[in-house]
Amino acid sequence: MSDYLKEQQRKFEDYAEKYRKETNEVFRELVRQLILVATAFLSISPFVFKIEGLTAKFGCVSKLILTSSWILLGCSIIFGIIQIFIDYNYFRKWTKAKFTIVEKIVSGEANNEDNLNKIAKEAQRDIPSESSTIFVWLQVLSLSISITLLIIIMIVLLF
């Protein structure tokens, strides 16, 4: 492979690594912010709905909607915490893979480019390029539904 192609390959590998890190960082920050929002709504809403004249207007359906909203807020927080552990595990796997590659280089096992490529592929074989985002989407969905239910309850109670 020519030096130019090797340089281009390294450039694109560096870009891919940079964008992978940024993508994962965006999702980690999103998870944190969603946990904060859900916690704020879950902390404040009981005090709002404890207002004297407001609770008198509550019917069975309103109480059920309010309870469902609080449960969904709790689920949103739990999904966020699960996602944090998924991300932690994901980065731990990448760290272990990179460390394995470095160990093989230091020990002399990776003595040429082909051997290094094999070792790198083997170390990174079962690791996806980004961590799973299923729980982020579940977190967003449960938080969105919960806030929508809170808004519906407020509208119903005002009229």
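Just so it is clear, none of the values below were taken in a lab; they were calculated from the coordinates. Every value quoted in this text rests on a predicted model; they were computed, and no experiment measured them. In this analysis, Cβ positions are derived from the backbone assuming ideal geometry, glycine residues included, and neighbour counts consider all displayed protein chains.
Checking each residue in region 36-53 for being out of contact with any Leu (no Cβ under 7 Å at 6 or more places or on another chain) and assigned to a helix (DSSP H, G or I) picks out Leu36, Thr39, Ala40, Ser43, Ile44, Pro46, Phe47, Val48, Glu52, Gly53. Every condition in (1) among the hydrophobic types (A, V, I, L, M, F, W, C); (2) crowded, with 16+ Cβ neighbours inside 10 Å; (3) assigned to a helix (DSSP H, G or I); (4) free of Cβ contacts under 8 Å to residues at least 40 places away in the same chain is met by Ala110 except one, and the failing one is (3). For region 113-135, the set of residues classified as assigned to a loop (DSSP other than H, G, I, E, B) and either touching a residue at least 40 places away in the same chain (Cβ under 8 Å) or not basic (Lys, Arg) (or both) consists of Asp126, Ile127, Pro128, Ser129, Glu130, Ser131, Ser132, Thr133, listed by residue number. Annotation for region 21-37: at least one member residue is touching a residue at least 24 places away in the same chain (Cβ under 8 Å), surrounded by 10 or more Cβ atoms within 10 Å (Cβ to Cβ) and over 20 Å from Ser142 (Cβ atoms). Select from region 120-139 the residues that are among the aliphatic types (A, V, I, L, M) and more than 22 Å from Lys21 (Cβ to Cβ) and list them in ascending order. Of everything in region 120-139, just one residue is among the aliphatic types (A, V, I, L, M) and more than 22 Å from Lys21 (Cβ to Cβ), namely Leu138.
This table checks each residue for (1) under 23 Å from the mean Cα position of the chain (by Cα); (2) surrounded by fewer than 17 Cβ atoms within 10 Å (Cβ to Cβ); (3) more than 13 Å from Met154 (Cα to Cα).
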| position | (1), (2), (3) |
| --- | --- |
| Leu42 | yes, no, yes |
| Phe49 | no, no, no |
| Lys57 | no, yes, no |
| Cys60 | no, yes, yes |
| Thr67 | no, yes, yes |
| Ile71 | yes, yes, yes |
| Gly74 | yes, yes, yes |
| Ile77 | yes, no, yes |
| Gly80 | yes, no, yes |
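Could you list, ordered by first residue, the pairs with Cβ atoms under 9 Å in which the first is in region 90-106 and over 18 Å from Lys118 (Cβ atoms) and the second is β-branched (Val, Ile, Thr), at least 6 apart or interchain? Within 9 Å, the pairs are Tyr90/Ile127; Lys93/Ile127; Trp94/Ile127. Please specify each residue of region 119-159 satisfying the condition of being exposed (fewer than 12 other Cβ atoms within 10 Å of the Cβ) and over 16 Å from the mean Cα position of the chain (by Cα). Passing the criteria: Lys121, Arg125, Asp126, Ile151, Ile155, Leu158, Phe159.
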